[in-house]
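Q: Below are the structure tokens for one structure; questions will follow.
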Amino acid sequence: MGREQAIWATPAEHLRRARPDHPVIYACPAALQSSARRFVAGFPGLVSYAVKANPDAGALANLAAAGIGAFDVASPAEMALVRRVVPGAVLHYNNPVRSPDEIAAGLHHGVLSWSVDSHSELDKLAAFLPAGAEVAVRFKLPVRGAAYDFGAKFGATEDQAVGLLRHVAVLGLGPAMTFHPGTQCIDPAAWGSYITAAAGIVRAAAVPIARLNVGGGFPSHRCGDAPRLEPIFDAIAAATRRAFGADAPRLVCEPGRAMVSEGYSLAARVKAIRDGAHVFLNDGIYGALAEAPVMGNIDRIRVLDPAGAPRKGPPVPRAVFGPTCDSLDRLPGTLPLPADMAEGDYLLIHGLGAYSAATATRFNGYGALERVTVLAPED
């Protein structure tokens, strides 16, 4: 197979034959579809993919092929993208703050569900929506268990949510509720706390809801053992039965990170090893590794020589820098990398399908990511 081929067997094969001197993001459709089928089979309700995690058209097409028919969109651009790739998709617009033009775009693209966390935004939305349109009240709790939460920016308090839910009903819209436990949430009890609180809000407002959106936050595999999603699915189902009983609403979730992370890997080349110590890569925090300062490093790394063979030297802790002239462009702490690593080698980092290419910049002229399709993420 030559360099002109569209699909490669593995990243190592591509690196061995193409020897790229720029960062490469590898997409594995089989891994993407496997993740999607896991959610469809395990989650006790509708699965809606959060497009912001990875808006790659190939990702959307593969998720749709695996049974994902609903998409959480946060902007008109995401709406247009989904309509182009998956024309018949159901769209949920759960960014709770919008301009009138963005609301009009949502109506144009056939958005079926919206969310709010304030009375001003609800009144703005109500001026445009038809009677009965689903509007979910988004609320927040001081619950730990995630890498970071979204409560500083989004979400009404429980008391505020009671008034909002009543207001939705008075306006003749379809009452629903939603929350987000925070990104990379590994504690199933966090969802239980939110579901219990949602039931309390519904009772206090005396307004029944048709659906409860339990958000995203499902964890991806970053370090150590892979997180188990099935206990989270089971905890959500059990908490809903316990909190709502016979009046339980239909459930919706909107995974992003956990849906696409396993479908992509990043290859970054070693530009230099300064005085045998500090490692400089051709990608960094202004590129596909933007999340590292917030989320921490991923330990799922292989170091390959230019021929695609793994380096096997004993691990040595090394500081790792990106390619730009900004001193902030450094991965946190150190990474244990092989002692025999050399300039021209590649770091192959697995599980980088979310918030990598989607958030990469072109600062200092770096950040251009070649996209390559592979049949499998490993040899």
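Every read-out reported here was derived from the displayed coordinates using simple, explicitly stated rules and does not represent laboratory data. All figures in this text were calculated on a predicted structure; none of them were measured in a lab. No Cβ is skipped: glycine too gets one built from the backbone with ideal geometry, and neighbour counts run over all protein chains shown.
Q: Give the peptides 163-171, 203-211 in descending order of average Cβ contacts within 10 Å, highest first. Please list the in-between numbers first.
A: Details: 163-171: 19.7, 203-211: 16.4.
Highest mean packing first, the order is 163-171, 203-211.
Q: Tilt of helix 188-205 relative to the longest C-alpha principal axis of the chain, in degrees (0 to 90, nearest 10)?
A: 20
Q: Read phi for every residue in the range 89-100 and hand back ³J(HN,Hα) as whole Hz from Karplus 6.51 cos²θ - 1.76 cosθ + 1.60, θ = phi - 60°, with x for Gly and Pro.
A: So the J values, rounded to whole Hz, are 5, 7, 10, 10, 10, 9, 6, x, 10, 9, 7, x.
Q: How much length would be gained if the chain were fully extended between residue 241 and residue 373, taking 0.36 nm per residue of separation minus their Cα-Cα distance, in nm to one decimal?
A: 43.3 nm
Q: So, one more: Take 274, 318 and order them by how many other Cβ atoms sit within 10 Å, fewest up front.
A: Placing the least packed residue first, the sequence is 274, 318.
Q: If contacts are Cα pairs under 8 angstrom and at least 6 residues apart, what is the relative contact order of the chain in percent?
A: On the way: 855 pairs, mean separation 85.8, N = 379.
Reported relative contact order: 23 percent.
Q: Out of all DSSP beta bridges in the range 292-379, what portion is antiparallel? Express it as a percent rounded to 5.
A: 100
Q: Could you point to the label whose value was computed as Rg and Dmax of the Cα atoms in Å for the structure here, given [x] 21.0, 68; [y] 22.2, 69; [z] 20.9, 62?
A: So the structure-derived entry is [y].
Q: Could you rank the peptides 87-94, 242-249 by their average count of other C-beta atoms within 10 Å per residue, with the highest value first?
A: 87-94, 242-249
Q: Moving to a separate point now. Placing +1 at every Lys and Arg Cβ and -1 at every Asp and Glu Cβ, with all other atoms neutral, what dipole size does the range 1-131 have around its Cα centre, in debye to the nearest 20?
A: Dipole size: approximately 560 debye.
Q: Can you classify the range 36-149 as rounded, prolate or oblate using the Cα gyration tensor, where a ≥ b ≥ c are the square roots of its eigenvalues, rounded means a/c under 1.5, and otherwise it's prolate if a/b beats b/c and oblate if not?
A: oblate
Q: Can you list residues from other chains, or at least 5 along the same chain, whose modelled amide H is less than 5 Å from the amide H of residue 289?
A: 284
Q: What residues qualify as long-range amide H neighbours of residue 48, i.e. H under 5 Å apart, gap of 5 or more or another chain, H built at 1.01 Å from N?
A: Hits under the 5 Å cutoff: 253, 254.
Q: To continue, here is another question. For the chain, give the magnitude of the charge dipole about the Cα centre (Cβ charges: +1 Lys/Arg, -1 Asp/Glu; no others), in debye to the nearest 20.
A: 280
Q: For the range 28-84, treating each Cα as an identical point scatterer without solvent, what Debye log10 I(q)/I(0) comes out at q = 0.14, 0.26, 0.29 1/Å?
A: Rounded to two decimals, the profile gives -0.34, -1.08, -1.25.
Q: Have a look at 123, 340, 275 and tell me which one the Gaussian network model of the chain (Cα, springs below 10 Å) gives the largest fluctuation.
A: Top of the fluctuation ranking is 275.
Q: A follow-up question, please. Roughly speaking, what is the stretch gain from residue 204 to residue 234, that is 0.36 nm per residue apart minus the C-alpha to C-alpha distance, in nm to one decimal?
A: That works out to 8.2 nm of additional length.
Q: Could you tell me the relative contact order of the range 55-255? Use alpha-carbon pairs under 8 Å, at least six residues apart, and round to a whole percent.
A: 16
Q: Starting with the highest mean, order 59-71, 343-355 by the number of other Cβ atoms within 10 Å, averaged over the residues of each peptide.
A: Answer by packing, highest mean first, reads 343-355, 59-71.
Q: Go through the range 173-180 residue by residue and turn each phi into a ³J(HN,Hα) via Karplus (6.51, -1.76, 1.60, θ = phi - 60°); whole Hz please, and just put x for glycine and proline.
A: Karplus values, whole Hz, x for Gly and Pro: 9, x, x, 8, 9, 8, 8, 9.
Q: Okay, moving on. For the range 55-255, rounded, prolate or oblate, judged on the Cα gyration tensor with a ≥ b ≥ c (square roots of eigenvalues), a/c < 1.5 rounded, else prolate if a/b > b/c?
A: Values: a/c = 1.65, a/b = 1.04, b/c = 1.59.
Note, shape of the range 55-255 comes out oblate.
Q: Ignoring everything except DSSP H segments at least 4 long, calculate the 222 nm mean residue ellipticity for the chain; use -39,500 (n - 2.57) per segment, divide by total residues, nearest 500.
A: -8500 deg cm²/dmol
Q: Positive end of the charge dipole of the chain (Lys, Arg +1 and Asp, Glu -1 on Cβ, about the Cα centre): tell me which of 316, 120, 196 has its Cα farthest that way.
A: Value computed over the given set: 196.
Q: On a 0 to 90 degree scale, rounded to 10, what angle separates helix 29-42 from the longest Cα axis of the chain?
A: Long axis of 29-42 versus the principal axis of the chain: about 30 degrees.
Q: With charges only on Cβ, +1 for K and R and -1 for D and E, what is the dipole size of the range 55-255 about its Cα centre, in debye, rounded to 20?
A: 220
Q: Counting DSSP beta bridges in the range 55-255, what percent are antiparallel, to the nearest 5?
A: 5
Q: Compute the angle between helix 76-85 and the longest alpha-carbon principal axis of the chain, please, reported from 0 to 90 degrees and rounded to the nearest 10.
A: It is inclined by approximately 70 degrees.
Q: Quick check: residue separation of residue 112 and residue 186 times 0.36 nm, minus the Cα distance between them. What number comes out in nm? Kindly include the intermediate steps, with their values, before the conclusion.
A: Numbers: separation 74, 0.36 × 74 = 26.64 nm, distance 2.99 nm.
So the chain would gain 23.7 nm between residue 112 and residue 186.
Q: Sticking with this structure for a sec: Can you tell me what share of the DSSP beta bridges in the chain is antiparallel? A percent to the nearest 5 is fine.
A: Looking only at bridges with both residues in the chain, the antiparallel portion is about 40 percent.
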